[in-house]
Amino acid sequence: MREIDLVVIGAGVAGLTAATHAARYGLTVVAVERMGVGGQIAAAERIENFLPHALSGAELGPLLHEQAEAAGAEFILDDVTGIAVDGDWRMVATATETIKARAAIVAAGSTPRPLGVPGEAALIGRGVSHCASCDGHFFAGQDVCVIGGGDSALDEALVLAEHAAHVTIIHRGTTLDAQRVLIDRVTAHGKIEIALSTAVEAILGDDRVAAVNLRNLATATTYDRPVKGVFVYVGLAANTAFLGPLVALDANGQIETDRMMRTSVPGIFAAGDIRAHSVAQLTAAAGDGATAAIAAWRYLKARA
Ligand SMILES: Cc1cc2nc3c(=O)[nH]c(=O)nc-3n(C[C@H](O)[C@H](O)[C@H](O)COP(=O)(O)OP(=O)(O)OC[C@H]3O[C@@H](n4cnc5c(N)ncnc54)[C@H](O)[C@@H]3O)c2cc1C
């Protein structure tokens, strides 16, 4: 069984930054990632608010990974299935081993929430998607819709408009809830239409998406809109299932931390989108990762 100073769970931007900082402070660090380094940003086509020059998510993950490995962090591809406290050890169970660490940083991020309407589950991968950058090109010349009114929804609508004939943004609210720069771009885009005060009642189609059934919340009328693709961005659910009841969560299911990213359990820290009150931006995830790493180093130093 490995015995190390720090295990980092998840290698998105928060986990990668935490691994770099902790290794640079001299801790022995293992980062466990179940999918591939980079996390959810890996699917984003264009990032404009992280570095002074724009880059894609597929470029950012490997850059941060290289930096963390150069600092001395080790990476393993595995799924963390549980974490327990055994005296001074934080026991992290993966699908293939148990890692004994003196401290742990949980940076497991979040997963897109489903809409929860009839037809959605059956048509996932058959026209229903959470990733415009991955699936947008399948809808070249077709009509699609994006559900949601936040940054991700607008970002992805702009990506889809490069392929699709027409993109409708469908949002329950009376205004969009996104950065002004994105609102200006979608509003000015000739291929993008915005339907506010509109809710999706059902996704229709036999073996592929054919239409969405919509409700105009102002008039309470319903109607069908033919589309071939439905891209859902209605929020995120924190990936905390593997923690069980170990650490305190808030009402949204995100991990409660103090300003130093300490959770309710000593020696367990949280960073990035998974923590309560995260603003779900890359710079914030990186900041959390650095803070959690330094807090973990101080925690271990106090016990040495
Ligand atoms: C489409 C889209 C576009 C975006 N564009 C921008 C943008 O332009 N600018 C910006 O600032 N932000 C953007 N964001 C938000 C940004 O991507 C997130 O805030 C940030 O990536 C969160 O990083 P994280 O490390 O906290 O979590 P994540 O990126 O979610 O990483 C968590 C990692 O943990 C892994 N993991 C989860 N559970 C386990 C487990 N049990 N065992 C092992 N590994 C596990 C996951 O596989 C994942 O790799 C965008 C988000 C989306 C969805």
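The values are calculated or read from the model by the stated rules, or taken from the named source; none is laboratory data. Quick caveat: nothing in here was measured; it's all calculated off a predicted structure. Cβ sites come from the backbone with ideal geometry, for glycine too, and all protein chains shown count toward neighbours. The protein model used for the area step is the full one, side chains on, heavy atoms only, and it has no ligands, DNA or RNA in it. Shrake-Rupley method; radii C 1.70, N 1.55, O 1.52, S 1.80 Å.
Values for this structure:
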quantity	calculated
Enumeration of residues in segment 202-224 that are within 20 Å of Gly150 (Cα to Cα) and open to solvent by 70 Å² or more (accessible area, probe 1.4 Å)	Arg215, Leu217
Residues (under 22 Å from the mean Cα position of the chain (by Cα) and open to solvent by 20 Å² or more (accessible area, probe 1.4 Å)) located in segment 138-163	Gly150, Asp151, Ser152, Asp155, Glu156, Leu158
All strands (runs of 3 or more DSSP E) inside segment 28-102 with 1 or more residues being under 17 Å from Ile274 (Cβ atoms) and touching a residue at least 40 places away in the same chain (Cβ under 8 Å)	29-33, 80-86, 89-94
Candidate set: segment 254-302, residues that are acidic (Asp, Glu) and free of Cβ contacts under 8 Å to residues at least 24 places away in the same chain; chosen: the one nearest to the ligand (Cβ to nearest atom)	Glu256
Residue match in segment 258-280 (condition: of a type in the set (Phe, Trp, Tyr) and surrounded by fewer than 21 Cβ atoms within 10 Å (Cβ to Cβ))	no
Count - residues of segment 164-191 that are under 25 Å from the mean Cα position of the chain (by Cα) and open to solvent by 20 Å² or more (accessible area, probe 1.4 Å)	13
Flag for Glu162 being outside the structural domain of Ala31 (by TED's automatic domain parsing) and within 25 Å of Met35 (Cα to Cα)	no
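For every residue, the table says whether it meets (1) more than 15 Å from the chain's Cα centre (by Cα); (2) open to solvent by less than 70 Å² (accessible area, probe 1.4 Å); (3) more than 10 Å from the ligand (Cβ to nearest atom).
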position	(1), (2), (3)
Glu3	yes, no, yes
Val7	yes, yes, yes
Gly12	no, yes, no
Gly26	yes, yes, yes
Val29	yes, yes, yes
Val37	no, yes, no
Ala43	no, yes, no
Arg46	yes, no, no
Asn49	yes, no, no
